[in-house]
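Encoded as structure tokens, the structure appears first; notes follow it.
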Amino acid sequence: MQESLTSAVFEALKLLLSGDPQLWEIIGISFSVSGMAILIAVIPAVMIGFLLAFYDFHGRRILIAIFNTLLSVPAVVIGLTFYLLLSRQGPLGDLRLLFTQSAMVIGQIALCFPLLVAMSHTAFQSIERRAWETAITLGHSTLGALSLVIREARFALLAAVLTAFGRIIAEVGASMMLGGNILHHTRNIPTAIALETSKGEFAQGIALGIVLLLLAFVLNGLLHVFQGKGALS
């Protein structure tokens, strides 16, 4: 058993270092889908976090509670929800998005959006409301005052983006249900690991696991850097 595990690890390293086309295609799909989801979600999520932090309006506390509750929704529940919506019998079935990368992007947006809102809200709350009010009083436009506040919270906001990216690129439930794990189309790192492990083919699974571990290490390192700079600012 130990010998087979050792050989699987060496085979995994060989796949990574040799530039195996299928392996790197899976990695590319994973990063492109998750990157697109973050790019689409980040601006509206940050704006909602800003509104929740700096404006008092009817239903504000309810919205905060809803987004905080959505943080704990499992990825498989998100996948099931959008599967039902996008299936042929569902209300959005005519769009024919199920088992496509677009469906995976939608599912990952739903997963990262509450996290981005919650962390953005916390980031903006750490800034005194007087900074916003002072900027407006000094004649800055709303957009100019907003840019000043975002600059003050930039390290915490970057930490929110990195945390959200780390969550969605490693999730398997929604991607499996919405993408279908189709080779060359929707097979990403987590779904490929699940498939290869179930088949007893550990080399590719280990190789992809190494990629996720390296990504986690890089993201955590960047988080520490940004949090440290945020504390000094």
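Every number here is computed from the coordinates shown, using simple stated rules; none is lab data. Worth saying up front: this structure is predicted, and the values here are computed from it rather than measured. Positions of Cβ are generated from backbone atoms using ideal geometry, with glycine treated the same way; all protein chains shown enter the neighbour counts.
Along the charge dipole of the range 106-233, which of Phe155, Ile109, Phe217 sits closest to the positive end, that is, farthest toward it, with unit charges on the beta carbon of Lys, Arg, Asp and Glu (+1, +1, -1, -1)? So the residue we want is Phe155. Computed extension gain for Ala65 through Thr137, at 0.36 nm per residue and net of the alpha carbon distance, reaches 22.8 nm. For the chain, the alpha-carbon radius of gyration amounts to 1.18 times the rule-of-thumb value 2.2 N^0.38 Å expected for a compact globular protein.
In plain terms, the chain from His185 to Val9 could stretch by 60.7 nm, reckoned as 0.36 nm per residue minus the Cα-Cα distance. Dipole magnitude for the range 1-155: about 480 debye, using +1 per Lys or Arg Cβ and -1 per Asp or Glu Cβ, origin at the Cα centre. When +1 charges are put on Lys and Arg Cβ atoms and -1 charges on Asp and Glu Cβ atoms, the dipole computed for the range 149-233 relative to its Cα centre reaches about 240 debye.
By the Stokes-Einstein formula, at 1.002 mPa s and 20 °C, the range 90-197 with its Kirkwood radius over alpha-carbon pairs has D equal to 131 µm²/s.
Run the Debye formula on the Cα coordinates of the range 143-233, all scatterers equal and no solvent, and tell me log10 I(q)/I(0) at q = 0.12, 0.22, 0.25, 0.26 1/Å. Here log10 of I(q) over I(0) equals -0.53, -1.02, -1.18, -1.23.
Compared with the dominant principal axis of the Cα atoms in the chain, helix 75-86 is inclined by about 90°. Taking all Cα pairs closer than 8 Å and separated by 6 or more residues, the relative contact order of the range 20-125 comes to 47 percent.
Report Rg(Cα)/(2.2 N^0.38 Å) for the range 110-164, keeping two decimals. Don't skip to the end; give the middle numbers.
Working: Rg = 12.3 Å, N = 55, 2.2 N^0.38 = 10.1 Å.
Relative to the rule-of-thumb radius for its length, the range 110-164 sits at 1.22.
Distance between the pseudo-spin-label points of Ser72 and Arg151 (7 Å out from Cα toward the beta carbon): 4.0 nm. Here, P(r) means the percent of Cα pairs in each 10 Å bin from 0 to the largest distance; for the range 47-126 it is 18, 39, 27, 16, 1.
GNM on the chain, alpha-carbon springs under 10 angstrom: the most fluctuating residue among Ile150, Ile109, Ile189 is Ile150. Between Phe217 and Arg88, full extension at 0.36 nm per residue minus the direct alpha carbon distance yields a gain of 42.4 nm.
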